[in-house]
Amino acid sequence: MTDGDTDLSGPDLTGPAPAPDGPVSVVDYSERIPNNVGLAADRRLQRALEAWQPRFLDWWGALGPSLPTRDVYLRTAVAIGRDGWASWSRVPMEQYRWGIFLSERDEPRQIAFGKHKGEPAWAQVPGEYRSELRRLIVVQGDTEPASVEQQRHLGATAPSLYDLRNLFQVNVEEGRHLWAMVYLLHAYFGRDGREEAEQLLHRHSGHPDSPRILGAFNEETTDWLSFFMFTYFTDRDGKYQLGTLKESGFDPLSRTCEFMLREEAHHMFVGTTGVQRVVQRSAAVTAEHGTDDIWRHGAIPLPVIQKYLNQHYSLSLDLFGSETSSNAAAYFTAGLKGRWMETRRHDDHLLTDATARIPVVDDGQISTRTVPALTALNLDLRDEYVADCERGLRKWNGDLAKAGLDWRLTLPHVGFNRQVGAFTGHCISPAGELIGADDWAGHAAGWLPTADDRAQVAALMTPHYEAGDFAGWLAPPPTGINDLPVEYDYVRF
Ligand SMILES: [Fe+2]
Ligand SMILES: [Fe+2]
């Protein structure tokens, strides 16, 4: 299981690929669709997925990375065992082997929560929960191709080949996550599952008529500072959502999400270290020149980094939904979606009598109200997420302190700039004060990126495609990928 600390181990999480004669967990790459789900034994399913594959490749060609490349040094999942699950090689991206992998279980699993607690986990979809499970899978599945679409043009302005390679690694793995969800839809949901799988390729990020399901996945990721913030804050939402689905009573979903979380650790790494390297450079330039205004020195002012952080954090908080949700309660009680680290919690895992406090805005004040804990599960997950976000900030602030600066990055109040839940429609400052609309309008340019900030950031985004060359607005990483040197040519044209 990933936790905050795995963020920084990133690529090192993966060991060498296991020997080809290893345990059953080795994946058959001679098949058109690499998998460890016994696809060859289910002809109908295999045919259905082989029919979907060219449509996926068409989508990748049309809406995947727009920068033409010859090959990219990529990690490919090849096994699901504990002592190594990935191989590394230079791959033409369109030939990446997108496969279907489920974590294996040593023992039969029991449902850990809700009214089916203690029963064996389901190998098939229970008829009574069919539409709820399908919906959960579709919503998760929709985010995966969405982020590839959002990041499509970033290759044109990569700050180094190292960073370009990391972008493409995230992209191919989000593509694989789409495969993971499409497999579940095809294998367990019959014709409506197949139709949903088509829709996952039909909806497009930011499309006026058929946008992606969740708001944050319809904003284009326009520059690399946004990309690092996205992988830090928005991919981290993904990590927490996968964590709840990993607890699901529907075992194939649980095992799928458990495997996805391994890949997700690298996405967290890209975000954590990406922002960190920007902060390091900005801190050094700020300290050297004794001013915040460091645009003219080719670096991003710390207050602008804070504004980008404010925006991505608040958008990502919206992805957790309303603080109170009867759907979340129903999903939990039915055993479909658990809490983060459900099995490590010391309570009855039923929550029928438990209560929780949720924020409310009432009479011009932010206060709290007590509600049944079951209805406050979105907030429970969001609180876990916020605590995890704070860990990265401590690292970044450590670098600011090391540079001798008093400036610190902070997470804004959870009510700041929100479009979903209890704070919607209220003007709340980053410090958490409820303010008037005029006050908000007067301060917004100091709290959220302005058009001018974006233009200045965009002006710094020039491609650096010589091996070992790095843009001046971020520090180079301390080490390369998979023990290769930082100056390795990770991408070839
Ligand atoms: Fe993903
Ligand atoms: Fe991700």
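Worth a mention:
- Accessible-area ranking of 268, 341, largest first, probe 1.4 Å: 341, 268
- Semi-axes of the equivalent ellipsoid for segment 175-237, computed as √(5λ) from the eigenvalues of its C-alpha gyration tensor and ordered from largest down, come to 26, 15, 8 Å.
- Whole-Hz Karplus values for segment 325-337 come out as 8, 6, 4, 4, 4, 5, 4, 5, 4, 6, x, 8, 9 Hz, taken residue by residue from phi with 6.51 cos²θ - 1.76 cosθ + 1.60 and θ = phi - 60°; glycine and proline positions read x.
- Amide N proximity, segment 159-189 versus residue 70 label position 7 Å along Cα-to-Cβ, cut-off under 18 Å: 161-162, 164-165
- In whole angstrom, the chain maps to an equivalent ellipsoid with semi-axes of 35, 31, 20, each derived as √(5λ) from the alpha carbon gyration tensor and ordered largest first.
- Paramagnetic reach from residue 115 (point 7 Å along Cα→Cβ, amide N under 14 Å) across segment 306-330: 329-330
- By the rule of a C-alpha distance below 17 Å, with chain neighbours fewer than 8 residues away ignored, the aspartates and glutamates paired with residue 395 are 3, 5, 7, 406.
- In range of the label at residue 455: residues from segment 216-239 whose backbone nitrogen is under 14 Å from the point 7 Å along Cα→Cβ: none
- Relative to its residue count, segment 280-383 spans a Cα convex hull of 167 Å³ per residue.
- Per residue, the convex hull spanned by the Cα atoms of segment 102-213 amounts to 139 cubic angstrom.
- Note on residue 50 and residue 89: the extension gain reaches 11.6 nm, defined as 0.36 nm multiplied by sequence separation minus the Cα-Cα distance.
- Among 427, 257, the sequence by solvent-accessible area, most first, with a 1.4 Å probe is 427, 257.
- Size of segment 201-325: Rg and Dmax of its alpha carbons, in Å, are 17.7, 57.
- Label positions at residue 441 and residue 42, each projected 7 Å from the Cα along the C-beta direction, are separated by 5.7 nm.
The values are calculated or read from the model by the stated rules, or taken from the named source; none is laboratory data. Keep in mind that this is a model prediction, so the values were computed, not measured. Virtual Cβ from ideal backbone geometry, glycine too; neighbours counted across all protein chains shown. For accessibility, only protein heavy atoms count, side chains too; no ligands or nucleic acids. Shrake-Rupley method; radii C 1.70, N 1.55, O 1.52, S 1.80 Å.
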